1. Does residue A:267 satisfy the criteria of being in the same structural domain as residue A:153 (by TED's automatic domain parsing), closer than 29 Å to residue B:508 by Cβ and open to solvent by less than 60 Å² (accessible area, probe 1.4 Å)?
2. Out of the residues in region A:1-49 that are at the interface with chain B (Cβ under 7 Å from one of its Cβ atoms) and touching a residue at least 24 places away in the same chain (Cβ under 8 Å), state the one that is most open to solvent (accessible area, probe 1.4 Å).
3. Identify, please: which residue in region A:51-71 is assigned to a loop (DSSP other than H, G, I, E, B) and either open to solvent by 20 Å² or more (accessible area, probe 1.4 Å) or of a type in the set (Gly, Ala, Ser) (or both) and is, among those, farthest from residue B:449 (Cα to Cα)?
4. Name the residue, out of B:507, B:464, that is touching a residue at least 24 places away in the same chain (Cβ under 8 Å) and either over 30 Å from residue A:247 (Cβ atoms) or open to solvent by 30 Å² or more (accessible area, probe 1.4 Å) (or both).
5. Do any helices (runs of 4 or more DSSP H) entirely within region A:93-200 hold 1 or more residues that are buried (at least 19 other Cβ atoms within 10 Å of the Cβ) and at pLDDT 90 or above, and if so, which?
6. Run residue B:117 past the list (1) touching a residue at least 60 places away in the same chain (Cβ under 8 Å); (2) open to solvent by less than 20 Å² (accessible area, probe 1.4 Å) and report the number of the one that doesn't hold.
7. So, in region B:227-269, how many residues would count as being outside any helix (DSSP H, G or I) and surrounded by fewer than 23 Cβ atoms within 10 Å (Cβ to Cβ)?
8. Among A:159, A:106, which is under 21 Å from the mean Cα position of the chain (by Cα) and more than 30 Å from residue A:47 (Cα to Cα)?
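The values are calculated or read from the model by the stated rules, or taken from the named source; none is laboratory data. The structure presented is a predicted model; accordingly, all values stated were derived computationally and were not measured. Cβ coordinates were reconstructed from backbone atoms using ideal geometry, including for glycine residues, and neighbour counts include every protein chain displayed. The area values use the complete protein model at the heavy-atom level, side chains included, leaving out ligands, DNA and RNA. Shrake-Rupley method; radii C 1.70, N 1.55, O 1.52, S 1.80 Å.
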Amino acid sequence: MDHKLPPYATTGQRIWFYGFRVLCGLIFFFLMAPILTIIPLSFNAEDFFTFTPGMLAFEPEAYSLKHYVDFFTNPDWQQALRNSVLIAPMATLLAVSLGTLAAIGLSQSHVPFKGTIMAIMISPMIVPLIISAAGMYFFYSRVGLQGTYWGVVLAHAALGIPFVIITVTATLVGFDRSLTRAAASLGANPVTTFFRIQMPLILPGVISGGLFAFITSFDEVVVVIFVGSAGQQTLPWQMFTGLREQISPTILAVATILVVISILLLSVVEILRRRSERLRGMSPG
Amino acid sequence: MTDAATGNIGRAAADARRAEAEQTGPVMAADGRPLKQSLNRALRAQKLRALALIAPLLLFLLVTFVAPIFDMLFRSVENQITSETLPRTVVALEDWDAQDLPSQDTFAALAYDFMEAAERRIHTRLGSRLNYETTGISSTFRRSGRGIDDLGETQAEQFIDLNPQWEDPAAWVALMAAPDWIAAQADWAARADAADAADRPFDEAEPAFRLAGGIAATLPETADAYRSFATTIQQEDEDSPTAEEPWNTVYLALYRDLLRQPAATIAAYDGPQAALVQEAAGVAAGFEATDLPAFFIDMDDGWGDLKTWETIQTFSDPYTAGYFLAALDLQLTPQGIEMQPEEQQIYLMLFWRTIVLSLTIMGLCVLLGYPIAYLLSNLPMRTSNLLLILVLLPFWTSLLVRTSAWKVLLQQQGVINDTLVWLGLVADDARLALINNQVGTVIAMTHILLPFMILPLYSVMKTIPPSYVRAAKSLGATNSTAFWRVYFPQSVPGIGAGCILVFILSIGYYITPELVGGRTGIFISNRIAFHISDSLNWGLAAALGSILLILVLALYWLYDRLVGIDNVKLG
C-alpha cells in the first residue's frame with residue numbers, strides 16, 4: 001500500500017485504505033492512552049483514580065496540585081528521590097567509563113575470543129532481571145555488599161553496561177581509523193589522539209549509551225529490591241511498594257514527572273543520533 | 001624461441017633468485033629484524049592492547065554479574081548443611097537399612113551433634129531446610145534444641161557423686177588437653193591478668209583448644225565430645241574450658257566409653273588423671289543407664305518416626321538434586337524419585353502458565369505491531385519519524401509508570417470500567433474484572449512489550465524494496481496475493497526477531513504480573529521472589545531460577561543464530 005490514495009482508487013480500495021489507517025490509529029491510541037490519561041488524573045483534587053464529574057466539566061476547583069505538593073514535602077518520597085539521584089549517576093559513570101574503554105578495545109581488528117567476550121558483556125541485558133537479582137542477592141550477601149549503597153551501584157552499573165557497549169560499538173563502526181593514524185603521524189601521542197580526535201567523534205554514542213545506562217538504573221526496581229535495603233529505597237521502589245500496599249494518588253504525580261523526564265531524555269538521544277550520523281556523513285534517518 | 005628455451009630461462013631466473021635469497025636471508029624490516037617476526041610482534045602488541053582495554057570491564061562484570069549467576073547455580077545443588085550440622089549422625093546413618101529405628105550408637109552420635117548444634121544455634125537452620133522435604137522436622141528440631149541440655153545429667157550426677165573431681169573443670173582439662181596447650185593457656189591467662197591489673201585493654205583470644213595425644217585411643221567418644229565442647233564454648237561464647245564444667249553429653253560419652261572399651265585398655269592408660277579414670281571404670285557398670293531413643297522420643301515424637309531419619313539420610317550428601325526435583329514437582333524419597341502429592345504440584349503448572357501467557361502476549365504483539373510497522377515503513381520519512389515518537393515514548397517511559405497507569409485504568413472503579421458503564425455497554429453492577437487476573441497481566445504486558453516487537457519489525461520492513469510488490473501487481477497479482485506471496489515472506493525475519501525478543505523478556509517478567517496479576521496472573525518469577533524473600537527456601541529459588549535461565553539462554557542462542565546479537569538496535 002502506498003502512502004497516498006491514487007485518484008482512480010475503487011471504493012473497496014478507499015475503504016481498505018481508511019480502514020487500515022483507523023486500525024493503526026486505534027493501536028497508537030492503545031500505546032499512548034495509558035500514559036496520557038494519568039497526566040490529567042494526577043491533577044485530581046480528590047483522592048480518586050478516575051475522572052470526577054467536576055474534572056470532566058473542566059471546573060477549576062476540581063483540579064489541584066496537592067499530589068505534587070505531597071511528593072515534594074513527604075519525607076518518604078524525598079528520601080527516595082535523593083537515593084535515586086545518588087545511585088543512578090554513579091552507576092552511569094562506572095558503566096560509561098568501563099564500557100567505552102572496552103568498546104574501543106572490542107572494535108580493534110584482532111581481538112581474541114571476541115564472540116565470548118561480547119556474549120559476556122551483553123549478558124546482563126539477556127538474563128531475566130529476577131535471576132540477576134537472585135544471584136546478586138546470594139552473592140552480595142556472602143561478600144557483605146548486600147544492603148549497601150555500593151552494592152546497588154555496582155549491580156546497576158553491571159545492568160547498564162550492555163547498553164553502553166552496544167551504542168558505542170555502533171558508533172565506532174563508522175569511525176574512520178585514518179584520522180587517528182593522521183594524528184599519530186603528526187606527532188600526537190595516543191592519549192592526545194584519544195581525547196582530541198576519537199572522543200569528540202564518538203561522544204554522541206557515548207552520551208546516548210550513558211543515557212540508556214542512566215535510565216536503566218533510574219527505572220530499575222527488581223534488583224534494587226533484593227540488593228538494597230531500606231536505606232537505598234529508590235523512586236521506583238517506593239512506587240512499587242505504594243502500588244502493592246496502599247495506592248496513593250501521589251504515585252500519579254510522580255509518574256507524570258517521570259514521563260516528562262523520559263520525554264526530555266528521548267529528545268536528547270534523538271538529537272545525538274542525528275548529530276552522530278551527520279558527523280559520520282550519513283543522512284539522518 | 002622454443003618452449004624448451006623459455007623453460008630454461010625461467011628456471012635460470014628462479015635459480016638466480018634462490019641464490020640471492022640464500023645470500024641475504026629473509027626479507028628484513030627497517031630495524032633489521034625479519035619482517036615476518038616483526039609483523040607477528042606488531043600483531044601480538046595489538047591484541048594485547050585490545051585485551052588491556054577490555055580487561056577492566058571484563059573483570060568488573062565477572063565479579064558483579066557472572067559470579068552471582070554461578071553462585072545461584074551452585075546454590076541450587078548445594079546441600080552441605082546436613083553434613084556440617086550433624087557430621088557424626090550422617091556417618092552413623094551410612095549403613096542404616098531404614099527398617100527399624102537406628103541403633104543406640106546412632107542416637108549417641110545424634111546427641112553429640114545436636115548438643116553442639118544447639119549451642120551454636122544452627123540446629124533450627126537445618127530444621128527449616130529438612131522441613132522443605134518432610135513437614136514437621138522443623139518443630140522436632142526446635143523442641144529437641146531446648147531439651148538436649150538434660151541428656152546425660154543422670155550420668156553426670158553419678159560421676160560427681162563418685163568423685164567431686166569430675167565437677168572440676170581443671171581436672172577435665174588435665175585429663176583431656178595437650179600439655180603444650182595447658183602451658184600456652186596458662187601463659188595467656190597470665191598476660192590477661194597482667195593487662196587487667198594495669199587497666200590495659202586485652203583482646204587476644206585464648207589459644208585454640210588441642211586434645212592430648214593418647215586420650216583418644218583410651219576414651220574415643222569422650223575425647224571427641226570434650227573437644228566439641230571445648231572448641232564450641234571458645235568460639236561461640238569466648239569462654240574457657242578451664243572455667244566451665246563440660247556439657248552433660250560429655251559425661252554420657254564417658255559412661256559409654258567406660259562400658260565399651262576393653263578393661264585392659266583402660267587399665268593400660270597411664271596418662272594424667274589415670275587414677276581418676278580407673279576409679280570410675282571400676283564402678284561405671286553399676287551406674288543407671290539412659291535409654292537414648294526413649295529420651296529423644298520423649299523430647300519429640302518425630303525421632304520415633306522412620307521418616308525423620310530417612311530424610312536425614314537421604315539429604316546427607318553435600319550435593320543434592322532435591323531442589324531441582326522440587327522445582328519440577330518431583331521429590332526424592334528413599335524409594336526413588338516420585339511425583340509430589342497432587343495438592344503440592346504447582347511449579348510445572350506455573351512454568352506452563354508462564355509459557356502460555358508469554359505466547360499469548362507475543363501473539364498479540366505481532367497482531368498489533370505488524371500493522372504499525374507496516375504503516376511506518378511505507379510512509380514518507382518525515383511522517384514516519386513523527387509517528388515513531390508515539391512508539392518510542394512508551395518505550396522510554398518508566399516501567400513503573402506504565403504499570404501504575406494500567407493499575408489505575410483497569411480497576412473496577414477505574415477509567416475503562418467507568419467509560420464502559422457510561423457508554424451503557426456494561427451494567428454498573430456488572431463491572432468487568434480486568435485486574436488481579438490473567439487478563440490484567442496480558443493487557444499490561446502487551447502494552448509494555450509492544451515497542452520491542454515494532455522496532456525490529458520496522459527495521460526489517462524498511463529494507464524491503466517497494467518495487468517487488470509493484471512488480472507482482474503489474475504481473476497480475478491481486479493485492480492480497482502480492483502481500484502474502486511477496487511482501488510477507490520478506491518480513492518474516494522481523495517477526496522472528498520480534499517474537500523471540502518479546503518472548504524472552506516476557507517469561508522473565510516480575511514487576512507487572514506482581515502488581516496487576518493477582519493470584520492467577522503471576523509468573524514463575526514471582527514464585528522465585530517469594531522463595532527468596534518470604535519462604536527463605538533459597539535452594540528452591542535458585543533451582544527455579546536456573547531452569548528459567550537455561551530456557552532463556554536457549555532462546556537467546558536461537559535469537560543469535562537467526563538475527564545475530566550485533567543487530568540489536570536501541571531506539
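1. no
2. Selected residue: A:49.
3. This residue is A:59.
4. Matching residue, one of B:507, B:464: B:464.
5. Of the helices (runs of 4 or more DSSP H) lying wholly inside region A:93-200, those with at least 1 residues that are buried (at least 19 other Cβ atoms within 10 Å of the Cβ) and at pLDDT 90 or above span A:114-126, A:129-143, A:149-173.
6. So the condition that residue B:117 fails would be (1).
7. Result for region B:227-269: 10.
8. Answer to the selection: A:159.
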